[in-house]
Amino acid sequence: MSDSSSPTLAATQSQRPPFYRDAVVVKWLTQVATLLLVLAALFFLTTRAGQELAAKNISTGYEFLGVNPGLDLSEGIDTDPATGGRALWVGMVNTIRLAIAGIMAATALGVIVGVGRLSGNWIVSKLSSLYIELVRNVPLLVQIFLIFAVIAALPRAVEDQGPIHGWIHLSNKGLSVPRVFPGDGFYQWLVFLGIGAVVGRYVARRRRRSQELTGRDAYPVLWLLAVVAAFGMAGWWLHPVFGWLGPVFAVVADAVGAVPPGAVQAAISLGALAAAGWWIKRFVDSHRTPAGLAKLTDDDYFRMIFAGVGAGLVIVTVFVVWPGLASWVVNSGRDLFEVVSDKFGNGRSGPPIDGHRPDIQKLGNFPNYGPAGLNFTQGMAAVYFGVVLYTAAFIAEIVRGGILAVPRGQTEAAQAVGLRRVTMLRRVILPQAFRIIMPPLGNQYLNLTKNTSLAIAVGYSDLVQVGQTLFSQTGKSIEIFSIWMLFYLACSLSISAIVNFFNVRLRLVER
Amino acid sequence: MADPHFGLERHDPEGFSLTAAVDSAPPDEPSLPVGEWLRKNLFSSPFNTVLTLVFTVVALAGLRGLLNFAFSEERNWDAVRVNLRLLFTQAYPEDQYIRVWVSVGIVVALSGLSLGLWARLSGVPVARVAMWSMTAGGLIALGVVLREPSAVSGPDGDPMRDAAGEVIRQSFGAAMGDRIWWWLAAAVLFGVGAGLWRGFEDERRRHTYVPTIPLVFGSLGVVVATLWLYRWGHYAFTGNEFVYEPDRTAALSTKLPWTVMWLLLMASWAAGRQGRGTPAEGRLKVLVNLAWLLSPFILFWVVLRDPAIDWAHVWSTDLPMAAGFVIGGGAVLYGLTRPGIGEVGRVIAVGLLAFAGFNWVAAFAGWYPMLQKARFGFLLLALAALLAPNFTGERAQRLRLVWGWAGAMTVVQYLVTMANTESTLNTPTSEFLGGFSVTLFVAVFTLIFSFPLGVLLALGRTSKLPIFRVLSTAYIEAMRGIPLITVLFFFANMLNLFLPQNMELGSVAAVTVGFSLFAAAYLAENVRGGLQAVGRSQYEASDAVGLTTVQRTMFIVLPQGLRVSIPPLVGQVISTFKETSLLAVIGIFDFLFLANRAIPSQSEFLGVKREGLLFVSIVYWIFAFSMSKYSQRLERRLGVGER
Amino acid sequence: MTKTSILRLVAALLTVTLVAAACGGDDGDDPAAEPVATTTAAAAAPEPATDTVETTQGGDLLGTIQNRGTLNCGVSGAAVAFSMTQPDGSQQGFDADYCRVVAAAIFGDADAVNFVPLTAAERFTAVQTGQVDLLMRNTTWTQSRDTDVGMDFGPTTYYDGQQLMARVSDGYSNSSGVSDIAGAVVCTNAGTTTEKNIADASEAAGVDITLNTFEDFDIVTDNFISGACDIITTDGSGLVGRKANQEPDDQDWVIFPATPISKEPLGPTYGQNDSAFADVVNWAVYATIIADEKGITLANVDAMAANPPDAEAGRLLGGEGELQSVMGLDADAFMQVIKQVGNYNDIYERNLGPVGLTREGSANAGWQDGGLIYAPPAR
């Protein structure tokens, strides 16, 4: 690419190439052009859809969220929702319940199978391999259908249902087990636990310091747990003393509600400006060397300009594009505190955690699981066991890979210094294996959460199923799709955040 | 099976060594006597003994449950037998069925050629073959004993029931007597295995190898032979009549094609082997690769669709246009690669790109008509022109670009013309693909479309340019964050709302687009892993020799990065293949939908569903399992993932 | 260099070009190039050449269909007796036959139909987005669908009503009612009006039920057979078919209440504001009904056409042809309908008869026999 004449270094610096050969200009031009192209395409597509819908006389908008949808859900916190929004909310809660319970069970099963595959017992390791190979290579949807068929083949429910009457009921109406739920004073009790955690942390730090000084094991983690447990026990009866928090939160809620929207707008704008300024300052600082500020390239200037433009966009959004944002923030803040204040109060004196055994009711001709127990209906059981068994197979492979990846030398070294087998696993192998296991494990958790959406195939009322029923009744396809997207993105982001948190914590162990 | 290499020792004089280590885990320990083996692996401690007993019971119960389910009198396997054609090709017209066989044949021939050209002559130790054979025999015997006795059938063919409505079953002895043929099969398999095991002493047993490919071909041959010999029965649906003829062999239209396929596989393998080691080997390999790349397009648009070619239109429009693009484009490219062209060449290329882009603006605004084919031709020409500076130099170098252009353009013009010619197939449904063929179609085309997109996204995400990075990252994370089913709902139901007027996609096409966009995000993450494994020194070295960014990416970074990401990419292919089952939820007549919904609603087989589901899961399993085995081999061979 | 590297280059170029090419097909600036029925990813139908834009914007669906040469008809593909996918992939059933009726009227060829299988949830968007021209997918005519969802409905071809099915062993008989189902697990398929109806009905009767919905009715029936569902509910036609074919030897099923809990008029459905196409669909259906009235059947249509019994029949069978021609159809369009598919009774008996749905005494009898099947006069 270079010219045949060889100019001196000074000459190249003084005379810039023509603008269409200038790397910086070309780079930024293509980028901005691409951005514009993407935006133009999005704009074009959305206007097309708008025209099309208008031409077909299809109304758009989110009014259906406030209208009675006239549908019954098979299960959830509210099986006869009063509004479309409420129905979707019930679906979301069902999805979240399924995901959390599924993640726990899949992890446990996966670890067992993964370790089983490494077992010295021939039949255990072969059965583990067989399980993994069978489950991994058949589509999840097919498996869910098959499990569903198996549950349907269980015996019919009777009034003295087994296998352990009064505790576990299993029939073709699903599974019913005892239910544990937060009771009256739950939130007051949580305050106790919180204080316990703070105190426990302090104690644990003291113990750790003494361990480092004396070299004797001072069990800091055990102490932490013991302190929290002590506070929990005390709080079990003493929690009503925190009843006064209710009125306090009510006052806070009023205070938040009284904030003028203008102030919020100003605060968000200032925040955006401050963030941009902070970023630019950090950026410039990173170019500061002992010899003075490094020469900034055009790229660097562009970056700083873009940071400024970003802040400007936020300000424009707050004041022009969506002026209602500020009052929305104020209102939801007030609502949040009102909800919290409602959870405290002088009248709340019951136990913080309560439980019920499952029961069987016979209203008309048919014995049925009553609302007291925790009921897995047929559809829920199918999708739950489907995703658990499927994800567990993948987790097992991850666990096995992680354990195998710890170098043999580590085991040998641990044996050489005379560690017992359990200590060796706990202190040497598992911490290192976990570091390898954690990121792919997070991915599997994400997959599991997304796979619960297959509930639609067996009629469990998760978000996708409720959404689909709603859209077949109202025709609001785009609106419901947007709600799906936002919800699942939020789920994914929170799981990623949690996994990343542990990832960072684990990485700190490394030197 | 009369392979001269049968039973070769590890090294043979010709130099292809039977690399057993590639195929098998390293079990190079001497085999233990049975008693010792049991003690070591099953009963080494009290805890292990308990484990062994518990899990043996679990395994036996599971096997018994599965057998009782599959062979129960309540199963109506006729539903699957009669609907086999529906399950695999749905409504493909019977009189055109030869096209399906030609397609299968092309794939089989290409597989055989590839095996011959690439596969190393690997082998399986005799010990292992013997063990497989004995295990199979043992399992059959176990199954025969475990399966509950069959029901006594009444005069109408239905199982008889006692007063309480329970099915009356044969006595155990009578049942075992009825299953004599199974006993025989078990005995033969076990006998062969035991004979092999006894026939070789320990050392030779483990170091004598049965070549894999003849072994596989032989087993396939046995399966094909049963088509001619065993009475699988003939089940069909012709002229609105159901045909059930259990007491004959399969129809000629089944056994003949499969026999031909088997012969074709062996012939093409032999041809591939012949080509090996010859001077033309390199060129052959490239040709076979090209054929693989083109085969989905040719098979789908030309062979299966059977386009009705309008010769008048071909002579008046298609051929002149193709010739114009090939010759005119070639001339332009030849000119652009002139050594002294300098800046002018770039300006011309950018001008071409601008013209190509403007064609689309004009299309949306409706300023002037132009064949879509021509718009694409101009765009491709502009892209090739942008590449031209890499080919400046002597004549041979310049001609390479021109020839490449000519070849690519010919194929593209041919295929696009074919794709735009109406199909002559007369099918009752809008999609002539259905069942397993639509599953394969979506999987294959998703792979083809998502690959370039995924690589671009990965490059974008690892790019230093912030806008590219932000855009790619946002896209990847958004797609990875949402469930596939919602994406499919969107593309199946709503895509056409967003498309320009007069442009619409069939549902399978729309869903393939959705699938590709979704898979690209995952693929991008796999490729990104590979790209990050390319060392810094590679970048520095390519900068040092003065490569441009494009050259560095194309010739240095991507080849190395992609090689590392091959195993995860195969994993991606498997999961895409499995995920195609979601098509059933959005109402596309794929493999699963037909088994789960369509067959149970035929009035002949109302509600017969479990058989179909079991069959579908077996087919899915066979495909996915063999692919995952292949990817494990590939991983070992490429040596990636080794620590 | 070597030829191998040329081939490599071709391969690389091809990868790019094929993918690019596969994204878009040809378009028609010349009218000869017909848009391809879009199975392929590539075969995007033409985008606008200047002259075709206005012709397709004015809601001229009939013209579009006639140009295309086939009718895209949305069916279920998995509805017993209404549209079943046969082992050779063909579609059979009452709804499928009415698709053929419309195709025979438009093209004179009952086989010029593209059946597009649709799920209950996607059917309306399929019409809205133009994926299908016509829905023949047991779709109930309701006010909200007619207005808010943006559909229009043709004459009802089958009067259905929602009923329930239970086991005699659980104490039910055909005189039972909704008030008797307290505590039952009631199952139905999701995303349809049946779900809403049973919820309303049980609320009105003041009984508590558990409603389980499943994606398709096969699962519902499976669960009923196994006992996971105590009662199942859907349109009466579906229940009769299930009872006739799937009732196990050891069970005794009963359908109740005698008066259905809902009205489910099923018929052709299409996008709104396109009256030329709507007229064709409506009158093709009416033609089958009038033919039934006049006794013109599949078997005797040729004789009847040669020698019509009265003036109306003559007009219908294309004697004068004015009436059909002004609709943009061939003069003998309706004769082809009867000749190739049959009259209402032929279609009914061929498809619904075998599953045990009788016409006599039901709402689907002709109006002279006390039913609701009625057509305006052809003149």
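The values are calculated or read from the model by the stated rules, or taken from the named source; none is laboratory data. As the structure is a prediction and not an experimental result, all values here were calculated from the model. Cβ placement follows ideal geometry from the backbone for every residue including glycine, while neighbour counts extend to all protein chains displayed. Just the protein is used for accessible areas: all its heavy atoms, side chains included, with ligands, DNA and RNA removed. Shrake-Rupley method; radii C 1.70, N 1.55, O 1.52, S 1.80 Å.
Among helices (runs of 4 or more DSSP H) entirely within region C:295-379, having at least 3 residues that are modelled with pLDDT under 90 and over 24 Å from C:Gln92 (Cβ atoms) singles out C:301-306, C:311-316, C:322-325. Residues in region C:95-119 that are in contact with a strand residue (DSSP E or B) (Cβ under 8 Å, 6 or more places away or on another chain), of a type in the set (A, V, I, L, M, F, W, C) and either more than 9 Å from chain B (Cβ to nearest Cβ) or within 28 Å of C:Ala331 (Cα to Cα) (or both): C:Ala96, C:Cys99, C:Val102, C:Ala103, C:Ile106, C:Phe107, C:Ala112, C:Val113, C:Phe115. Of note, A:Met424 satisfies the criterion of being over 19 Å from A:Ile100 (Cα atoms), more than 10 Å from chain B (Cβ to nearest Cβ) and touching a helix residue (DSSP H, G or I) at 6+ places or on another chain (Cβ under 7 Å).
On inspection, B:Leu517 fails the criterion of being part of a helix (DSSP H, G or I), at the interface with another protein chain (Cβ under 8 Å from one of its Cβ atoms) and surrounded by fewer than 22 Cβ atoms within 10 Å (Cβ to Cβ). Checked against the criterion of being within 14 Å of chain B (Cβ to nearest Cβ) and assigned to a helix (DSSP H, G or I), region A:72-89 has at least one qualifying residue.
Once region C:77-94 is narrowed to residues that are of a type outside the set (A, V, I, L, M, F, W, C) and open to solvent by 10 Å² or more (accessible area, probe 1.4 Å), the residue that is farthest from the other protein chains (Cβ to nearest Cβ) is C:Gln92. The lone criterion from (1) open to solvent by less than 30 Å² (accessible area, probe 1.4 Å); (2) part of a strand (DSSP E or B) left unmet by C:Tyr159 is number (1).
Summed over region C:147-173, residues that are under 21 Å from C:Asp200 (Cα atoms), touching a Pro at 6+ places or on another chain (Cβ under 8 Å) and of a type outside the set (Gly, Ala, Ser) total 5. The residues on offer are C:Val326, C:Val281, and the sole one that is buried (at least 17 other Cβ atoms within 10 Å of the Cβ) and assigned by TED's automatic domain parsing to the domain that holds C:Asp146 is C:Val281. If you check B:Gly366, B:Gly407 for being open to solvent by 20 Å² or more (accessible area, probe 1.4 Å), within 9 Å of chain C (Cβ to nearest Cβ) and at positive phi, only one passes: B:Gly366.
Residues of region C:122-133 include none that is touching a residue at least 40 places away in the same chain (Cβ under 8 Å), of a type in the set (S, T, N, Q), surrounded by fewer than 24 Cβ atoms within 10 Å (Cβ to Cβ) and not in a strand (DSSP E or B). Residues in region A:381-393 that are open to solvent by 20 Å² or more (accessible area, probe 1.4 Å) and under 23 Å from A:Phe181 (Cα atoms): 2 in all. For the subset of region C:134-144 comprising residues that are in contact (Cβ under 8 Å) with a residue 24 or more places away in the chain and over 12 Å from the mean Cα position of the chain (by Cα), which member is surrounded by the most Cβ atoms within 10 Å (Cβ to Cβ)? The extreme case among them is C:Trp141. Would it be correct to say that A:Ser496 is out of contact with any His (no Cβ under 9 Å at 6 or more places or on another chain) and open to solvent by 10 Å² or more (accessible area, probe 1.4 Å)? Criteria met by A:Ser496. If you check A:Gly333, A:Gly345 for being at positive phi and crowded, with 17+ Cβ neighbours inside 10 Å, only one passes: A:Gly345. Annotation note: of B:Thr337, B:Thr317, the sole residue that is of a type in the set (S, T, N, Q) and open to solvent by less than 20 Å² (accessible area, probe 1.4 Å) is B:Thr337. Looking only at region A:96-130, residues that are more than 10 Å from chain B (Cβ to nearest Cβ) and assigned to a helix (DSSP H, G or I) come to 22 in all. The residue pairs whose first member lies in region B:326-346 and is among the polar types (S, T, N, Q), whose second member is modelled with pLDDT under 80 and open to solvent by 30 Å² or more (accessible area, probe 1.4 Å), and whose beta carbons are closer than 6 Å, counting only pairs six or more residues apart or on different chains, are B:Thr337/B:Thr392.
Cβ-Cβ distances below 9 Å connect no pair with a first residue in region B:121-132 that is not assigned by TED's automatic domain parsing to the domain that holds B:Val210, a second residue that is outside any strand (DSSP E or B), and a separation of six or more residues or different chains. Applying the criterion of being aromatic (Phe, Trp, Tyr), in contact (Cβ under 8 Å) with a residue 60 or more places away in the chain and at the interface with another protein chain (Cβ under 10 Å from one of its Cβ atoms) to the residues of region B:428-471, the residue that is nearest to A:Val26 (Cα to Cα) is B:Phe451.
Can you tell me which residue within region B:250-275, out of those that are farther than 27 Å from B:Val444 by Cβ and open to solvent by 70 Å² or more (accessible area, probe 1.4 Å), is modelled with the lowest pLDDT? If we take residues in region B:250-275 being farther than 27 Å from B:Val444 by Cβ and open to solvent by 70 Å² or more (accessible area, probe 1.4 Å), then B:Leu252 is modelled with the lowest pLDDT.
Only residues that are part of a strand (DSSP E or B) and touching a residue at least 40 places away in the same chain (Cβ under 8 Å) were counted across region C:202-260, and they come to 9. Taken over region A:201-220, residues that are within 27 Å of the chain's Cα centre (by Cα) and open to solvent by less than 90 Å² (accessible area, probe 1.4 Å) amount to 0.
If you go through region B:233-249 and keep only what is at pLDDT below 85, open to solvent by less than 50 Å² (accessible area, probe 1.4 Å) and either hydrophobic (A, V, I, L, M, F, W, C) or within 18 Å of C:Gly89 (Cα to Cα) (or both), you end up with B:Ala236, B:Phe237, B:Val243. Within region C:271-329, the set of residues being among the polar types (S, T, N, Q), within 21 Å of C:Phe107 (Cβ to Cβ) and under 23 Å from the mean Cα position of the chain (by Cα) comprises C:Ser275, C:Asn282, C:Thr288. When B:Phe498 is tested against (1) farther than 20 Å from B:Glu525 by Cα; (2) open to solvent by less than 20 Å² (accessible area, probe 1.4 Å), just one condition goes unmet, and that condition is (2). Screening the candidates C:Asp310, C:Asp332, C:Asp302 for the property of being more than 22 Å from C:Ser83 (Cα to Cα), acidic (Asp, Glu) and in contact with a Leu (Cβ under 9 Å, 6 or more places away or on another chain) yields one hit, C:Asp332. When region C:200-230 is filtered for residues that are within 25 Å of A:Val383 (Cα to Cα) and open to solvent by 10 Å² or more (accessible area, probe 1.4 Å), the ones remaining, listed by number, are C:Ile209, C:Thr210, C:Asn212, C:Glu215, C:Phe217, C:Asp222, C:Ile225, C:Ser226.
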